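Following: one structure in structure tokens, then a few remarks.
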Amino acid sequence: LGILIAPAEAQTYPTRSITMIVPFAAGGPTDVVARIVTGHMAQTLGQSIIIENVVGAGGTTATTRAARAANDGYTLITGHMGTHAASVPLYPKLAYHPEKDFEPIALLAGTPILILARKDFPPKDLKEFVAYVKANAEKVNAAHAGVGSVSHVSCELLHSILDIKPVGVPFNGTGPAMNALVAGQVDYMCDQIVNAVPQINAGTIKAYAIATPERNPSLPNVPTTAEAGLPKFQAQAWNAMFAPKGTSPAIVASLNAAASKALDDETVKKRLLELGSVIPTPAERTPEALATLVRNEIAKWTPVLKPAT
Ligand code: MLT
């Protein structure tokens, strides 16, 4: 009976490839998480999922495009704490609202933030970093992925704690920003762990601290900000999948089930954990839980970021 009364689209969806918009450059944390998860989802759904990197304006250009796309389940977006929360206070003329213009599908990953620097940046540890950037606030620069991106917002928080305003250097994502850090073209960055683990392990950049209460198993030698002397700086971002508002509940349910199945897959889990991300529990993966997260994150970041604009 269930099959007989199920909406027709749920029985057939998807009948063609799906486009997954990634609002930052290829090779960055959002792109990496989206590719890992959608690679498995495509097997479950029996259709390919094509990643389209659409860059600009801290991810808001792509998110606007996703909000305006047809709500037929064939255009989705992997958004994050920036595009679907921090953008609200930072862009007074934002052309979308994360809550009103999207159907939440599933939380994909938690991504702790690290304070990273070019390999030859003089400070040796976090205490020296704090003293150095305070003393040289006019000279140092911080790379980020555009206003409202996670890297921008996280370093804004760090800078407000340190009471400094160094120059920001924007990129189309922290993939390219990381290349500049490795090349020594920028001084430091507050980036998501997914982007950082391979470079830290290769010794191409410095990691001063991870801004979470516990150390991360993928980086056991990197101290927490509390251990390293800056307990006030706590930051963890997240990646999540959304569809344009009005996408049918049946399609959302089938995408949610495929995303959750991907997160339970041993290979997917291993890859995400190796990169330091935090895999959401089943309770955290529901569309309702994601709606609550978005609402709470907007409420959390609005007072922090409003004075900075
Ligand atoms: C990216 O994928 O490049 C990042 O998520 C950018 C950011 O928000 O810092």
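Among helices (runs of 4 or more DSSP H) entirely within region 46-145, having at least 1 residues that are away from the ligand (no atom under 16 Å from the Cβ) and at pLDDT 95 or above singles out 60-68, 126-135.
Any idea which residue in region 59-69 is surrounded by the most Cβ atoms within 10 Å (Cβ to Cβ), counting only those that are farther than 19 Å from Thr38 by Cβ and touching a strand residue (DSSP E or B) at 6+ places or on another chain (Cβ under 9 Å)?
At the first step, the residues of region 59-69 found to be farther than 19 Å from Thr38 by Cβ are 60-61, 64, 67-68.
Imposing the further condition that a residue be touching a strand residue (DSSP E or B) at 6+ places or on another chain (Cβ under 9 Å) reduces the set to 67-68.
On the way: Ala67: 21, Arg68: 13.
Residue satisfying both the conditions and the ranking: Ala67.
Of the residues Thr75, Thr174, the single one that is in contact with a strand residue (DSSP E or B) (Cβ under 7 Å, 6 or more places away or on another chain), surrounded by fewer than 21 Cβ atoms within 10 Å (Cβ to Cβ) and in contact (Cβ under 8 Å) with a residue 60 or more places away in the chain is Thr75.
Across region 177-190, the number of residues qualifying as more than 9 Å from the ligand (Cβ to nearest atom) and either part of a helix (DSSP H, G or I) or buried (at least 18 other Cβ atoms within 10 Å of the Cβ) (or both) comes to 7.
Of Asn179, Asn216, Asn195, Asn239, which residue is free of Cβ contacts under 8 Å to residues at least 60 places away in the same chain and polar (S, T, N, Q)? Reasoning before the result, please.
Numbers: Asn216 fails: free of Cβ contacts under 8 Å to residues at least 60 places away in the same chain; Asn195 fails: free of Cβ contacts under 8 Å to residues at least 60 places away in the same chain; Asn239 fails: free of Cβ contacts under 8 Å to residues at least 60 places away in the same chain.
None of the others qualify; the one that does is Asn179.
Taken together, the criteria exclude Ala235 from residues that are over 15 Å from the mean Cα position of the chain (by Cα), surrounded by 20 or more Cβ atoms within 10 Å (Cβ to Cβ) and under 24 Å from Val140 (Cβ atoms). Checking each residue of region 19-28 against the condition of being within 12 Å of the ligand (Cβ to nearest atom), surrounded by 24 or more Cβ atoms within 10 Å (Cβ to Cβ) and small (Gly, Ala, Ser) gives at least one match. Applying the condition of being touching a residue at least 40 places away in the same chain (Cβ under 8 Å) and away from the ligand (no atom under 12 Å from the Cβ) to region 152-171 and asking which residue is farthest from Val133 (Cα to Cα) yields Leu157.
The values are calculated or read from the model by the stated rules, or taken from the named source; none is laboratory data. Remember, predicted model here, so these are calculated numbers, not experimental data. So basically every Cβ, Gly included, is an ideal-geometry build from the backbone, and we count neighbours across all protein chains shown.
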